[in-house]
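Here's the structure, in structure tokens; my notes come after.
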Amino acid sequence: MSKFKFSVGPWNVHDGADTYGPAVRTTISFEDKIKKFAEMGFSAIQFHDDDAVPNINELTEEEIKAEARKVKEVLDKYQLAAEFVAPRLWMDPHTIDGAYMSTSEKDRQFAIWRSYRSIDIANELGCDKIVLWLAREGTLCAESKSPVEATKQLVDAINKMLQYDSKIKILIEPKPNEPIDRSICGTMGHVLAVSAATIDPSRVGGLLESAHAVLAGLDPSHEIGFALAMNKLWGVHLNDQNGLKFDQDKSFGVENLRQAFNQIKVLVENNYGANGEYVGLDVKAMRSTIDKDSYKHLENSLGIVKALEEKVNMFDYDYQKQCVERRDFEGLEMYVMKLLMGIE
């Protein structure tokens, strides 16, 4: 039995289309995904605003709320909660050069409108968290924007959201690059600095994705630990990444097992989840996966998390202390490797 509650987003199961090729699997309906997620043992669903309300730009505010209430009925049917809502600003024609940091005031206003609607949707779904993945908030051309003004625009946008709803919490999900070249808020340190600059830092925290930390050349467990030390880790997206490539969203632990172990270890040691936080997955099936295996990457990721949780529970802290006192770090590393490999 895991001590964690798990969450997943509908985008984790998709038809396999990518930048270089068409769909390779049959599209699965939203409710079919929700039903399967419940059967797999997930407790909550992660949403983009247009996951809940697909034609959001074409609807009035009241129509958006009405559509969100229909989604809440589906969640209730399968006894699932909503974890958060994230405005999907990077997919809209208004935001090709950024949303909160666009040089166009009209486009910045659109981004705020979508953010307000995401808060409305969250309220209808019964959750109090908005996630900001700042996908296009940076530059493709370094001289096109002032990093000073762009940072101030981000803080201003978050302040507007905090003022719009007195209970909502904002979680920033940092990433150093892709789809833009230079991010404005690329690490958990950036997140905490932005939080401190807002009108209510107590409602602005972070969500750490494993692959994003790897893309920044950092160890995900240290990014997790840094945020935990500041009481700002309000969400995690576990996955894996093969080096400094594009964001791969590979199944958790399949590339870097020891790194994955240390992510689970720091979460367990610091009682992550005690305040209702979820362990989220953000993983994608390999493109050539066939229809009947559409959920296998999620099953594998859950299995690895739970297996590593067992390894953490077996970890010998007395032996660790002895190794540290003797400065026997080679011995400590070998102990960890044997633990992971299941050998004496």
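The values are calculated or read from the model by the stated rules, or taken from the named source; none is laboratory data. Remember, predicted model here, so these are calculated numbers, not experimental data. Backbone-built Cβ (ideal geometry, glycine too); neighbour counts: all protein chains shown. In case anyone asks, the SASA skips ligands and DNA or RNA and just uses the protein heavy atoms, side chains included. Shrake-Rupley method; radii C 1.70, N 1.55, O 1.52, S 1.80 Å.
General observations
- Using a Förster distance of 25 Å, the FRET efficiency for VAL148-HIS222 (Cβ separation, nearest 0.05): 0.35
- 5 angstrom amide H check on VAL131, placed H, neighbours 5+ away: VAL85, ALA86, LEU171
- Length released on extending from ILE96 to GLU333, taking residue separation times 0.36 nm less the Cα-Cα span: 80.7 nm
- 3J(HN,Hα) couplings calculated from phi for segment 280-285 with the Karplus curve 6.51 cos²θ - 1.76 cosθ + 1.60 (θ = phi - 60°) are, in sequence order, x, 10, 9, 10, 10, 5 Hz; Gly and Pro show x.
- Of the residues ILE119, ILE199, ILE184, the one that moves most in a GNM of the chain with alpha-carbon contacts below 10 Å is ILE199.
- Heavy-atom accessible surface of the chain: percent carbon and sulfur, 1.4 Å: 51 percent
- Cα pair distances exceeding 20 angstrom across segment 87-142, given as percent: 25 percent
- Virtual spin-label span in nm between ASP128 and GLU31, 7 Å along Cα→Cβ: 3.1 nm
- Per residue, segment 248-332 exposes an accessible area of 53 Å² to a 1.4 Å probe, with every protein chain left in place.
- Couplings 3J(HN,Hα) for segment 7-23, derived from phi with the Karplus relation 6.51 cos²θ - 1.76 cosθ + 1.60 (θ = phi - 60°), are 10, 8, x, x, 5, 5, 10, 9, 8, x, 5, 9, 4, 10, x, x, 4 Hz, where x marks Gly and Pro.
- Scanning residues 5 or more positions from ALA81 or on other chains, those with amide H under 5 Å from its amide H are ALA44, ILE45, with H placed 1.01 Å from N in the peptide plane.
- Most to least packed among 222-233, 321-332 [average Cβ atoms within 10 Å]: 222-233, 321-332
- Straightening the chain between GLU105 and GLN320 buys 71.8 nm, computed as 0.36 nm per residue apart minus the Cα-Cα spacing.
- Neighbourhood charge, 11 Å Cβ-Cβ cut-off, centred on SER29 and excluding it, Lys, Arg +1 and Asp, Glu -1: +1
- Solvent-accessible heavy-atom area per residue, rounded to whole Å², over segment 90-221 at 1.4 Å: 40 Å²
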